[in-house]
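K.L.:
There's a structure below that I have some questions on.
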């Protein structure tokens with residue numbers, strides 16, 4: 001149950017952060033709302049894969065590789081939705097923001113617990 005709660009909170013935080021970044025970037029077309037199912041897919045894929053790993057160094061390596069893969073998948077999906085030279089930036093900025101803020105959140109959570 002704890003893993004499911006962590007997964008739900010992680011997905012919610014990631015989607016919220018990424019929506020805010022897209023809104024700040026002034027993305028107000030269909031990419032804004034289609035980013036939700038795209039992000040849900042990539043987030044669940046990455047986090048479910050990582051939940052199978054219990055070796056710290058391997059987890060970190062796969063997390064980094066997974067984040068790169070998520071960036072590429074989301075960039076490609078944005079390109080399918082709407083051709084735009086800025087799609088790579090939207091994918092990079094949203095994923096970087098959610099990764100950094102999510103990591104900060106987890107770090108602060110471990111300090112408090």
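K.L.:
Could we say that residue 86 is surrounded by fewer than 11 Cβ atoms within 10 Å (Cβ to Cβ) and over 29 Å from residue 3 (Cβ atoms) here?
P.N.:
no
K.L.:
If you check residue 55 against the conditions, is it more than 14 Å from the chain's Cα centre (by Cα) and either surrounded by fewer than 15 Cβ atoms within 10 Å (Cβ to Cβ) or under 25 Å from residue 109 (Cβ atoms) (or both)?
P.N.:
yes
K.L.:
For region 67-91, which residues satisfy the criterion of being part of a helix (DSSP H, G or I) and over 13 Å from residue 39 (Cα atoms)? Quick ask: steps written out before the conclusion?
P.N.:
Keep residues of region 67-91 that are part of a helix (DSSP H, G or I), which gives 67-81, 87-91.
Selection gives 68, 79, 80, 81, 87, 88, 89.
K.L.:
So, residue 103, is that one surrounded by 13 or more Cβ atoms within 10 Å (Cβ to Cβ) and at pLDDT below 95 or not?
P.N.:
no
K.L.:
Within region 25-37, how many residues turn out to be part of a helix (DSSP H, G or I) and surrounded by 15 or more Cβ atoms within 10 Å (Cβ to Cβ)? Give the derivation first.
P.N.:
From region 25-37, those part of a helix (DSSP H, G or I) are 30-37; that's our starting set.
Of the ones still in play, those that are also surrounded by 15 or more Cβ atoms within 10 Å (Cβ to Cβ) are 31-32, 34-35.
Going through region 25-37 one residue at a time, the tally reaches 4.
K.L.:
Report yes if residue 110 is in a helix (DSSP H, G or I), surrounded by fewer than 11 Cβ atoms within 10 Å (Cβ to Cβ), out of contact with any strand residue (DSSP E or B) (no Cβ under 9 Å at 6 or more places or on another chain) and at pLDDT below 90, otherwise no. Steps first, please.
P.N.:
Numbers: in a helix (DSSP H, G or I): yes; surrounded by fewer than 11 Cβ atoms within 10 Å (Cβ to Cβ): yes; out of contact with any strand residue (DSSP E or B) (no Cβ under 9 Å at 6 or more places or on another chain): yes; at pLDDT below 90: yes.
Judged against the criteria, residue 110 is a match.
K.L.:
Tell me the residue from 63, 22, 7 that is surrounded by 15 or more Cβ atoms within 10 Å (Cβ to Cβ), free of Cβ contacts under 8 Å to residues at least 24 places away in the same chain and assigned to a helix (DSSP H, G or I), please.
P.N.:
Values: 22 fails: free of Cβ contacts under 8 Å to residues at least 24 places away in the same chain; 7 fails: free of Cβ contacts under 8 Å to residues at least 24 places away in the same chain.
On inspection, the qualifying residue turns out to be 63.
K.L.:
Considering each of 95, 87 in turn, give the residue that is farther than 21 Å from residue 10 by Cβ and touching a residue at least 12 places away in the same chain (Cβ under 8 Å).
P.N.:
So the residue among 95, 87 that is farther than 21 Å from residue 10 by Cβ and touching a residue at least 12 places away in the same chain (Cβ under 8 Å) is 87.
K.L.:
Just to check your reading of the model, which residue among 69, 40 is surrounded by fewer than 16 Cβ atoms within 10 Å (Cβ to Cβ), on the phi < 0 side of the Ramachandran plot, without any contact (Cβ under 8 Å) to a residue 60 or more places away in the chain and touching a helix residue (DSSP H, G or I) at 6+ places or on another chain (Cβ under 7 Å)?
P.N.:
Just one listed residue meets the conditions, 40.
The values are calculated or read from the model by the stated rules, or taken from the named source; none is laboratory data. Predicted model, so just to flag it, every value in this text is computed and none were measured. No Cβ is skipped: glycine too gets one built from the backbone with ideal geometry, and neighbour counts run over all protein chains shown.
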